[in-house]
Amino acid sequence: MRKQIIAGLILSAMLAAAEPAWADYRVVSPDEIDLGEMELENNSSSTYDHLPDRSNAQSYTAEFGTGLTPWWHSEIEFGWARAPGGGQANVLTQIVTENTFRLTNPGQYWADVGIYAEYGQTVARGKYAGANELTFGPAIAKDIGHTTTTVNLFLTRQFGPDQTNQGFDFSYAGQTRWNLWTPLSPGIEVYGDTGTLTHGNNFQNQQLLAGPVLLGRLRLSQIGLGNAGSLTYEAGYLHGLTDASPTNALRWRVDVEFPF
Amino acid sequence: MTTKTTTRLSLSTLIAVLAMAIATKSPAQAADLPVLQFRDHHFVPDHIDVPAGQKFTLQVQNLDATDDEFESNDLDREELVPAGKSITVYLGPLDPGTYHFFGDFHQDTAQGVLVAK
């Protein structure tokens, strides 16, 4: 138990050391349930743009999750964000409940399918206030040879007095991982956001970023942190492919799981 | 490409994928595979030969008084096996080779391999 606490403190130290932010870039797996385990997760990103007013947007989360049933994974997330440009502050912007509902057993059918649903309640006030948000949609994963490909297709609806648009926003994400070596494997990923469905944005007005990612998983026993549980990490570079996208972005994720 | 076109393509793709996902039949049980058991935080047996190139199911039974988790990075599976219960793990098709698995809650003792041939 002591070593699990140490793992949690390491994660907390990472949270304290880095700039706080709210993460946009993450591919949800339909197979991650974590029944019988506690999960601590940090998901962060930082963007860069050749225009100073669009640069240095940051996001940062602290997430706590577990499997509530063999088919339902739930997390509570605290999200910090820094808006792009100069003179911006890092603020706690949202508290989010994230839920993944697994519809198929892994490997039983042609693809693994789940439904993702999250609700984000804004907690910032004044000039940092934002909309409450509901996001939902399918998460699909498939193994092909030595690769695993995961796709998310999500709709987001804003609510509340600070909403900036009406209707549903469509976003998508995909990742293909080459399962070469569990502690370190390469992948590629793409993130897109078409904007509000009712407005029909042309391609250059949509957000689209793609790039390489490194992923790995270690048993905590391999790194001297106990006899149970695992540490998973992702680190990626994304390049903007449209005028509306930042020039590039870095993203990273660390996830520690251990049994109750 | 406008948002509406992107959305139509995405929804069509989604419907096709979901239809394919649920239309595929479940794999048949390979008749002579032993039941994999958690016993005193060890796997019994700790070595199972399985057919390469075809899908199959593996029954995992936990005879211990505490939960454990069947996990394998090689097989990309992570499933809780509650104390006194059994689960079905869907696997394959596997290339010929050796695939390690472990009990995530007792990593020092619960280790095993599937050998696909």
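Key figures
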item: Restricting region A:221-260 to residues that are among the aromatic types (Phe, Trp, Tyr) and not in a loop (DSSP other than H, G, I, E, B), the residue that is farthest from A:ASN201 (Cα to Cα); result: A:PHE258
item: Test for A:ILE188: is it of a type in the set (A, V, I, L, M) and over 30 Å from A:GLN222 (Cα atoms); result: no
item: Enumeration of residues in region B:80-104 that are acidic (Asp, Glu) and buried (at least 20 other Cβ atoms within 10 Å of the Cβ); result: B:ASP104
item: Positions within region A:143-167 being closer than 17 Å to A:VAL113 by Cα and more than 22 Å from the chain's Cα centre (by Cα), in sequence order; result: A:ILE144
item: Criterion (in contact with a His (Cβ under 7 Å, 6 or more places away or on another chain), in a strand (DSSP E or B) and either closer than 20 Å to A:ASP255 by Cα or of a type outside the set (D, E, K, R) (or both)) met by exactly one of A:GLY67, A:GLY137; result: A:GLY67
item: Extreme residue, farthest from A:PHE159 (Cα to Cα), among residues of region A:102-127 that are under 17 Å from the mean Cα position of the chain (by Cα) and either outside any strand (DSSP E or B) or within 14 Å of chain B (Cβ to nearest Cβ) (or both); result: A:GLY114
item: Residue check, B:GLN37 modelled with pLDDT of 95 or more and polar (S, T, N, Q); result: yes
item: Exclusive hit being part of a loop (DSSP other than H, G, I, E, B) and out of contact with any helix residue (DSSP H, G or I) (no Cβ under 7 Å at 6 or more places or on another chain), set B:LEU114, B:LEU80, B:LEU75; result: B:LEU75
item: Pick from region B:67-117, criterion modelled with pLDDT of 95 or more and at positive phi, ranking: farthest from the other protein chains (Cβ to nearest Cβ); result: B:GLY84
item: Qualifying residue in region A:57-71 (condition: closer than 16 Å to A:PRO246 by Cα and of a type in the set (S, T, N, Q)); result: yes
item: Residue selected from region B:64-78 under the condition of a type outside the set (Ser, Thr, Tyr) and open to solvent by 30 Å² or more (accessible area, probe 1.4 Å), by the criterion farthest from B:ALA110 (Cα to Cα); result: B:ASP76
item: Selection status of A:TYR109, in contact with a helix residue (DSSP H, G or I) (Cβ under 8 Å, 6 or more places away or on another chain) and among the aromatic types (Phe, Trp, Tyr); result: yes
item: Of residues in region A:128-141 being over 15 Å from A:THR156 (Cβ atoms) and surrounded by fewer than 20 Cβ atoms within 10 Å (Cβ to Cβ), the one farthest from the other protein chains (Cβ to nearest Cβ); result: A:TYR128
item: Verdict on A:ALA235 being in contact with a Phe, Trp or Tyr (Cβ under 6 Å, 6 or more places away or on another chain) and surrounded by 15 or more Cβ atoms within 10 Å (Cβ to Cβ); result: no
item: Candidate set from region A:165-215 (those that are outside any strand (DSSP E or B) and among the aliphatic types (A, V, I, L, M)); member that is surrounded by the fewest Cβ atoms within 10 Å (Cβ to Cβ); result: A:LEU180
item: In region A:238-260, the residues that are open to solvent by less than 50 Å² (accessible area, probe 1.4 Å) and either aromatic (Phe, Trp, Tyr) or farther than 16 Å from A:SER44 by Cβ (or both); result: A:GLY240, A:THR242, A:ALA244, A:SER245, A:THR247, A:GLU257, A:PHE258, A:PRO259
item: Positions within region A:25-54 being in contact (Cβ under 8 Å) with a residue 60 or more places away in the chain, among the aliphatic types (A, V, I, L, M) and over 16 Å from A:GLN207 (Cβ atoms), in sequence order; result: A:VAL28, A:ILE33, A:MET38, A:LEU40
item: Residue that is surrounded by the fewest Cβ atoms within 10 Å (Cβ to Cβ) [pool: residues in region A:142-164 that are of a type in the set (S, T, N, Q) and not in a strand (DSSP E or B)]; result: A:THR164
item: Members of region A:75-93 that are more than 14 Å from the chain's Cα centre (by Cα) and not β-branched (Val, Ile, Thr); result: A:ARG82, A:ALA83, A:PRO84, A:GLY85, A:GLY86, A:GLY87, A:GLN88, A:ALA89, A:ASN90, A:LEU92
item: Residue count, region B:45-72 (criterion: among the β-branched types (Val, Ile, Thr) and part of a loop (DSSP other than H, G, I, E, B)); result: 1
item: Only listed residue being more than 17 Å from A:ILE140 (Cβ to Cβ) and either without any contact (Cβ under 8 Å) to a residue 40 or more places away in the chain or not basic (Lys, Arg) (or both), chosen from A:GLY114, A:GLY87, A:GLY107; result: A:GLY87
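The values are calculated or read from the model by the stated rules, or taken from the named source; none is laboratory data. Given the structure is predicted, the values throughout are model-derived calculations rather than measurements. When we count neighbours, we look across all protein chains shown, and the Cβ atoms used for this are built from the backbone with ideal geometry, even at glycine. Only protein heavy atoms, including side chains, enter the accessible area calculation; ligands, DNA and RNA are left aside. Shrake-Rupley method; radii C 1.70, N 1.55, O 1.52, S 1.80 Å.
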